[in-house]
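I have placed the structure first, in the form of structure tokens, so that the comments after it can refer back to it.
The values are calculated or read from the model by the stated rules, or taken from the named source; none is laboratory data. This is a predicted model, so every value here is computed, not measured. Here Cβ is always computed from backbone atoms with ideal geometry, including for glycine, and neighbour counts include all displayed protein chains.
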Amino acid sequence: MSNYYVNEDIKNCFRIFSEEGRSAYLRMDMNENPEGLPGDFVDSVLAEITPEYLATYPEPGHFCRKYAKQLGIRPEQVCATSGSDTAIRYIMETFVGRGHKVVTVTPTFEMYRVYCNMYGYEHVGVPYDSKFQISVEDILNTIDERTDLVALLNPNNPIGRAFTEDEVRTIMDKVTACGAVMVIDEAYHYFYPNTFIKLIDEYDNLLLLRTFSKMYSIAGCRLGAVIGCEQLIEYINHVRSSAEVNTVALLFGERLIDHPEVLDELIRTEREGRKYLIDELEKHGYTCHNQDGNFLFIEPKSDSAQLAQRLKDDYKVLIKRYGNPLLSKYIRISTGSKAAMSRFLEAFLAADRA
């Protein structure tokens, strides 16, 4: 056997990748829009893609200027990335020292833990209690001089409430006192409209993450953004690849910004579907946790693993379940239009046999 070098952190990093072959199913498992963008809008963007356009290296500056204008910030405060999970990687590479601490709540988006394992950082997760509550005091007590990064999803995935401005400011004060950087991951913005973007001009150690995978419904294109003060963004630009975000993603991002009516309709459609599903589930005796994102956290009447298998095999519906003991009896499902929610509800009620 060849005696080649393998980074021990990479070698020992445990990964679980998403299941493929999902196109034939109603996909409720990965917080995507089950139906995607309007077909006429997609066709209009695709009509702009010429052979010459595809032959040209991407130029993200134009997208960043448009996006910054939409957000009311300066272009120098935005960095486009290939999805927000790549943004997380860049942030950790830039602002976390080997062996130093990264603090998150737990459970949360899994890539924070994965990157810590890959790069030799210490991941410290502040756990939710059995009632799905998180203690800000526990978060504060975990942050110390060895902490380089604190990351909070707002709202958190898969469980948890959104943080208030007072709570964020309290945590920011401790983060700042310890010389660390704070990330507020706003992947579910527009489902939960509150944002902490105004704070980036107050704190020079705060970064916000946004993605075009959720409400904007182009997960397949891989487009995200890091937002923060100009110095932080400059450092992140030092680590990103020279031509990372592809031209098709940038074009779709720009046209979505150009057509706010598309976003307005996406928001209206999802909220209508989410409310319909919550109301119907409550009528049937189910409790829906975490109603701030494009997903619901539900305790079924049957075993969650058996339910997930029945839904997949008998009804062509994919849902998310967890091995974490705190979450093992629950399922998470994505929300979307009333039509998609009605299709899911019919299958769920038939499959959830106690």
Practice item. Answer yes or no: is there a residue in region 268-286 that is over 30 Å from Arg65 (Cβ atoms), touching a residue at least 12 places away in the same chain (Cβ under 8 Å) and among the polar types (S, T, N, Q). Key: no
Practice item. Please go through region 107-141 and pick out each residue that is buried (at least 17 other Cβ atoms within 10 Å of the Cβ) and β-branched (Val, Ile, Thr). Key: Thr108, Val114, Val124, Val126, Ile134, Ile139
**Study point:** The listed residue being closer than 23 Å to His100 by Cβ and basic (Lys, Arg), out of Lys131, Lys198, Lys174
**Key:** Lys174
Exercise for review: Scan region 107-119 and report the pairs whose first residue is under 24 Å from Phe297 (Cβ atoms) and whose second residue is surrounded by 19 or more Cβ atoms within 10 Å (Cβ to Cβ) and of a type outside the set (A, V, I, L, M), with Cβ atoms within less than 6 Å and a gap of 6+ or a chain change.
Suggested key: Thr108/Asn156; Phe109/Asn157; Met111/Asp85; Tyr112/Thr104
Review point. Quick one: would you say Ile143 is assigned by TED's automatic domain parsing to the domain that holds Gly72, within 27 Å of Gln231 (Cα to Cα) and hydrophobic (A, V, I, L, M, F, W, C)?
Key: yes
Check your understanding: Of the residues that make up region 122-138, is at least one in contact (Cβ under 8 Å) with a residue 60 or more places away in the chain, of a type in the set (A, V, I, L, M) and more than 20 Å from Cys79 (Cα to Cα)?
Key -> no
Revision key, fill the gap. Filter region 61-77 for residues that are in contact (Cβ under 8 Å) with a residue 60 or more places away in the chain and touching a Gly at 6+ places or on another chain (Cβ under 9 Å); the one that is nearest to Leu199 (Cα to Cα) is Gln77
